[in-house]
Amino acid sequence: MARLQDLYKNDIAKAMATKFNLTNPMSIPRLEKIVINMGVGKATQDKALLEVAADSLGKISGQKPVLTKAKTSVSGFRLREGNDIGCKVTLRGRRMYEFLDRLVSIALPRIRDFRGVNPNSFDGHGNYSLGLAEQVVFPEIDADKLQHTQGMDITIVTTAGNDDQARELLRHFGVPFRQPGAKGGPGGRP
């Protein structure tokens, strides 16, 4: 069993039930899935970029990604309906907890000028989204062999009913939220 999964079963579930006064064990917020998405906009001109992105996403997640297709045609972007334009992976169970553990303890601290993730990126239903500018923060990716850096969107889906419960759940898992007075991005930009 994954380290964070053990932590959730032994400690976090009890702490969440106590803090939010939840008596039913099924009402305690938990992680449902993690979705990692890489949109490769330049894939319409160069199919090799999509293959490289799918390969790196497979190394990061430990699971083969699904290629995503364009839903509509947009002539301004030279895009046809049905073209491959990205890849995504949905993680559940043990792989989900292992990925979250690697994200929190290894990948996020490797980001240059990192001051924490945005605590306001919840969608109102207890789901959290964050974007990474490049995939080289994960140790599975060899930066020397990479010609093109690719960003990714990570969505953590929880069963929490509201954002406060989800924020507390992720805080227990060790997600480093930015402090209210700290500025955000590199160079002190908000």
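Close amide H contacts of residue 117 (hydrogens built in the peptide plane, cut-off under 5 Å, sequence separation of 5 or more or a different chain): 177, 178. Helix 93-102 and the longest principal axis of the Cα set of the chain meet at an angle near 80°.
For the chain, what proportion of DSSP beta bridges, expressed in % and rounded to the nearest 5, is antiparallel?
Restricted to the chain, the bridges split so that about 95 percent are antiparallel.
Computed 3J(HN,Hα) for the range 135-141, one whole-Hz value per residue from the Karplus formula 6.51 cos²θ - 1.76 cosθ + 1.60 where θ = phi - 60°, is 8, 6, 6, 8, x, 6, 9, glycine and proline marked x.
Taking the Cα centre of the chain as origin and assigning +1 to Lys and Arg Cβ atoms and -1 to Asp and Glu Cβ atoms, the resulting dipole is close to 120 debye. Summarised as an ellipsoid, the range 8-53 has semi-axes of 44, 9, 7 Å, derived from the eigenvalues of the Cα gyration tensor scaled by 5 and square-rooted, with the largest first.
Say the cut-off is 31 Å between C-alpha atoms; which of 33/71; 64/145; 9/88 go over it? Distance filter (> 31 Å) returns an empty set.
Taking all protein chains into account, the per residue accessible area for the range 48-124 stands at 58 Å² (1.4 Å probe).
Taking each residue as 0.36 nm, the span from residue 73 to residue 146 lengthens on full extension beyond its C-alpha to C-alpha distance by 23.3 nm.
Using the Karplus relation 6.51 cos²θ - 1.76 cosθ + 1.60 with θ = phi - 60°, the per-residue 3J(HN,Hα) values for the range 23-38 come to 9, 7, x, 6, 8, 6, x, 8, 6, 9, 6, 10, 10, 10, 10, 10 Hz, with x marking Gly and Pro.
Carbon and sulfur atoms: what percent of the 1.4 Å accessible area of the chain do they account for?
49 percent
Once the Cα atoms are used to define both axes, helix 47-61 deviates from the longest principal axis of the chain by about 20 degrees. The candidates 177, 20, arranged from most to least accessible area with a 1.4 Å probe in the full protein assembly, appear as 20, 177. For the chain, pairs of C-alpha atoms spaced more than 32 angstrom apart make up 22 percent of the total. The phi-based Karplus calculation (6.51 cos²θ - 1.76 cosθ + 1.60; θ = phi - 60°) puts the 3J(HN,Hα) values of the range 146-152 at 8, 9, 10, 7, 9, x, 8 Hz, whole numbers, x for Gly and Pro.
Of the whole protein surface, residue 14 contributes about 130 Å² of accessible area at a 1.4 Å probe radius.
Just to be sure I understand the model, the point goes 7 Å from the Cα along the line to the Cβ. What's the resulting residue 133 to residue 10 distance in nm? Each label point lies 7 Å from its Cα, and together they span 3.8 nm.
The values are calculated or read from the model by the stated rules, or taken from the named source; none is laboratory data. Given the structure is predicted, the values throughout are model-derived calculations rather than measurements. Using ideal geometry, Cβ is built from the backbone for each residue, glycine included, and neighbour counts are taken over all protein chains shown. What goes into the accessible areas is simple: the full protein's heavy atoms, side chains included, and nothing from ligands, DNA or RNA. Shrake-Rupley method; radii C 1.70, N 1.55, O 1.52, S 1.80 Å.
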